[in-house]
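Student: Sending over a structure as structure tokens; questions will come in a sec.
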Amino acid sequence: MGEPAKAPGDIVRGPGGAACPQPLLGAKPQASVVEDFARYVSPGRVEVYRALGFDAVPGRREGVYVWDLDGRRYINCRSSGGVFNLGHRPPAVVNALKEALDVLDIGDHMLLSEQRARLAARLAELTPGDITYSFFTPSGGEACDVAIKLARGYTGRPGVVSAIDGYHGHTGFALSAGDTRFKRHFEPLMPGFTQVPFGDIDAVRRAVDETTAAVIFETIPATAGIIIPPDDFYPAVRKICDSRGALLILDEVQAGLGRTGRLWAIDEWGVVPDILVLGKGMSGGVYPLSAVCYREHVDEFFKRNPFVHLTSFGGADLGCVCALAMLDEICRPGFLDHVEEMGVRFERGFARLKEKHPETVAGWRRRGLMMAFELAEDKLGPMMTYALGKNGVIAVFSDFRPRAMQIMPPLIIQPAEVDEVLDAMDRALDLVEGMVAAGVPAPYIP
Ligand SMILES: Cc1ncc(COP(=O)(O)O)c(C=O)c1O
């Protein structure tokens with residue numbers, strides 16, 4: 001490796017003075033990368049990260065750890081909402097991708113594909129009930145768009161009922177189904193969308209009628225603060241949908257693929273949705289891929305209109321290879337038990353933290369390793385994100401409920417690493433309490 005480049009466009013000289021590519025990581029000092037980001041990508045984001053005290057640039061990454069460009073190590077308890085379910089650069093997926101690169105490319109989405117057929121067959125085997133078909137997209141937002149288009153096309157109805165504080169992505173239909181805060185600058189959005197309080201079955205009953213194409217919920221709404229619905233909620237939603245001819249779409253972009261200690265979060269409620277949306281962790285964090293998986297009868301619409309949604313990078317052959325390798329990992333015997341065991345270990349630690357910091361910690365909610373650590377008030381969430389960053393843990397507050405810290409470590413986290421996070425949380429709570437006592441304001445309020 002030659003001298004690090006000093007400025008954009010500098011040629012790095014390798015052994016013998018030959019020009020060689022800049023190193024991918026660390027070609028410039030961290031502070032200068034932050035400046036470049038502010039100058040060429042987003043000054044607004046850099047301002048927020050600086051306020052949160054987290055303007056670190058991820059560099060080397062491996063397993064549950066990320067090192068910033070200054071060499072500081074963090075445990076990633078954000079996992080990009082589940083993208084890194086298997087940790088960073090999981091060897092099984094990375095190796096599958098490397099091998100595939102010798103033979104495959106993205107493929108042509110208009111043509112047939114051996115890899116897409118193979119992945120769809122595996123998903124048909126693994127998804128609940130008679131979910132049979134899969135349509136692939138690059139992002140979760142686009143997958144939710146496809147799910148809603150499919151529901152409207154299949155039922156011939158316009159209505160979509162979703163949750164207040166829900167999050168399904170920032171593309172057209174998905175945005176229309178999401179929370180007001182992200183929508184308000186872009187109105188008017190799609191007509192026909194109604195929102196109800198999540199978990200309120202009477203509100204669902206009132207909202208769903210013979211004009212409703214679909215009810216769409218995140219099985220466990222993440223951005224709302226990891227909210228667990230009552231035991232009878234989904235069975236009742238299923239009944240309402242059936243009785244009024246509406247489809248049930250469950251968005252498991254964050255909650256699916258083992259995150260809750262079950263393969264699918266909805267398994268806890270024993271309900272089969274008509275459409276299940278997957279994303280994030282689909283391809284081990286090394287390739288963008290999402291999926292819309294749906295029941296046999298719903299395909300009637302796509303059968304009549306097989307080219308009605310086109311997306312050049314949807315179901316790329318390379319992504320399908322990664323997804324198959326990822327599924328093999330999460331289907332290994334004992335994988336889901338491990339998720340639950342680590343979740344229980346966290347929960348015991350949360351109880352100790354609540355005992356030690358009774359004024360600051362309000363409680364927690366948990367399914368597997370999908371966890372909200374709830375603080376006493378909203379301003380404490382951004383403070384905790386700041387304080388955790390200072391203590392070597394990446395974790396964020398929930399956008400729509402800032403007091404709820406999302407603790408979403410990679411599912412492969414080990415007991416010693418769980419303890420490391422819990423120790424860091426203890427120190428971070430001390431720091432937050434010190435900031436409150438000193439009258440320091442919250443670094444950022446969403
Ligand atoms: C539950 C849920 N659905 C959909 C999306 C959108 O996925 P993407 O960012 O890949 O478009 C997200 C993203 O955070 C999500 O959390």
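The values are calculated or read from the model by the stated rules, or taken from the named source; none is laboratory data. Predicted model only: the values in this text are computed from it and were never measured. Glycine gets a Cβ as well: all are built from the backbone with ideal geometry, and neighbour counts include every protein chain shown. Note: areas computed on protein heavy atoms with side chains; ligands, DNA, RNA excluded. Shrake-Rupley method; radii C 1.70, N 1.55, O 1.52, S 1.80 Å.
Student: Being closer than 30 Å to residue 153 by Cβ and either in contact (Cβ under 8 Å) with a residue 12 or more places away in the chain or open to solvent by less than 20 Å² (accessible area, probe 1.4 Å) (or both): is that true of residue 324 here?
Tutor: On the way: closer than 30 Å to residue 153 by Cβ: yes; either in contact (Cβ under 8 Å) with a residue 12 or more places away in the chain or open to solvent by less than 20 Å² (accessible area, probe 1.4 Å) (or both): yes.
Yes; evaluated as a whole, the condition is true for this residue.
Student: Mind listing whichever residues of region 414-441 are of a type in the set (A, V, I, L, M, F, W, C) and in contact with a Phe, Trp or Tyr (Cβ under 9 Å, 6 or more places away or on another chain)? Walk me through it before giving the result.
Tutor: Step one: list which residues in region 414-441 are of a type in the set (A, V, I, L, M, F, W, C), which gives 416, 418, 421-422, 424-425, 428-429, 431-432, 435-438, 440.
Passing the criteria: 418, 421, 422, 425, 428, 431, 432, 435.
Student: Could you tell me which of the residues 363, 343 is outside any helix (DSSP H, G or I), open to solvent by less than 40 Å² (accessible area, probe 1.4 Å) and assigned by TED's automatic domain parsing to the domain that holds residue 77? Walk me through how you get there before you give the answer.
Tutor: Details: 343 fails: outside any helix (DSSP H, G or I).
Sole residue among the options that is outside any helix (DSSP H, G or I), open to solvent by less than 40 Å² (accessible area, probe 1.4 Å) and assigned by TED's automatic domain parsing to the domain that holds residue 77: 363.
Student: Under the condition of being among the β-branched types (Val, Ile, Thr) and not in a helix (DSSP H, G or I), which residue from region 388-446 is nearest to residue 355 (Cα to Cα)? Explain how you work it out, then say what you get.
Tutor: Just the residues of region 388-446 that are among the β-branched types (Val, Ile, Thr), to begin with: 393-394, 396, 407, 412-413, 418, 421, 432, 436, 440, 445.
Next cut, not in a helix (DSSP H, G or I) only: 393-394, 396, 407, 412-413, 440, 445.
On the way: 393: 21, 394: 23, 396: 22, 407: 19, 412: 28, 413: 25, 440: 24, 445: 27 Å.
Among them, the one singled out is 407.
Student: Does region 31-38 contain any residue that is touching a helix residue (DSSP H, G or I) at 6+ places or on another chain (Cβ under 8 Å), open to solvent by less than 30 Å² (accessible area, probe 1.4 Å) and at pLDDT 95 or above?
Tutor: Checking region 31-38: at least one residue is touching a helix residue (DSSP H, G or I) at 6+ places or on another chain (Cβ under 8 Å), open to solvent by less than 30 Å² (accessible area, probe 1.4 Å) and at pLDDT 95 or above.
A quick yes/no check of all residues on (1) surrounded by 24 or more Cβ atoms within 10 Å (Cβ to Cβ); (2) within 12 Å of the chain's Cα centre (by Cα):
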| position | (1), (2) |
| --- | --- |
| 249 | yes, no |
| 255 | yes, yes |
| 260 | yes, no |
| 263 | no, no |
| 266 | yes, no |
| 270 | no, no |
| 273 | yes, no |
| 285 | yes, yes |
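Student: Here's another thing I want to ask about it. Does region 213-227 contain at least one residue that is away from the ligand (no atom under 16 Å from the Cβ) and open to solvent by 30 Å² or more (accessible area, probe 1.4 Å)? If you could, list the steps in order and put the result at the bottom.
Tutor: Going residue by residue through region 213-227, those that are away from the ligand (no atom under 16 Å from the Cβ) are 213.
So of that shortlist, the ones also open to solvent by 30 Å² or more (accessible area, probe 1.4 Å) come out as none.
Scanning region 213-227 turns up no residue that is away from the ligand (no atom under 16 Å from the Cβ) and open to solvent by 30 Å² or more (accessible area, probe 1.4 Å).
Student: Just one of 201, 131, 228 is under 17 Å from the mean Cα position of the chain (by Cα), among the aliphatic types (A, V, I, L, M) and not assigned by TED's automatic domain parsing to the domain that holds residue 83; which is it? Outline the logic, then answer.
Tutor: Values: 201 fails: under 17 Å from the mean Cα position of the chain (by Cα); 131 fails: under 17 Å from the mean Cα position of the chain (by Cα).
Of the residues listed, the single one that is under 17 Å from the mean Cα position of the chain (by Cα), among the aliphatic types (A, V, I, L, M) and not assigned by TED's automatic domain parsing to the domain that holds residue 83 is 228.
Student: Cβ-Cβ below 6 Å, separation at least six or inter-chain, first residue in region 378-404 and more than 10 Å from residue 445 (Cα to Cα), second part of a loop (DSSP other than H, G, I, E, B) and basic (Lys, Arg): which pairs?
Tutor: 394/78; 395/78; 396/78
For every residue, the table says whether it meets (1) in contact with a Ser or Thr (Cβ under 6 Å, 6 or more places away or on another chain); (2) at pLDDT below 95; (3) not assigned by TED's automatic domain parsing to the domain that holds residue 78; (4) not charged (D, E, K, R).
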| residue | (1), (2), (3), (4) |
| --- | --- |
| 294 | no, no, yes, yes |
| 304 | no, no, yes, no |
| 308 | no, no, yes, yes |
| 311 | yes, no, yes, yes |
| 315 | no, no, yes, yes |
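Student: Only residues that are open to solvent by 10 Å² or more (accessible area, probe 1.4 Å) and part of a helix (DSSP H, G or I): list them for region 229-239, please.
Tutor: Within region 229-239, 235, 236, 238, 239 qualify.
Student: Looking only at residues in region 137-182 that are over 13 Å from residue 253 (Cα atoms) and among the aromatic types (Phe, Trp, Tyr), which one is farthest from the ligand (Cβ to nearest atom)?
Tutor: Step by step, filter region 137-182, then rank; the result is 154.
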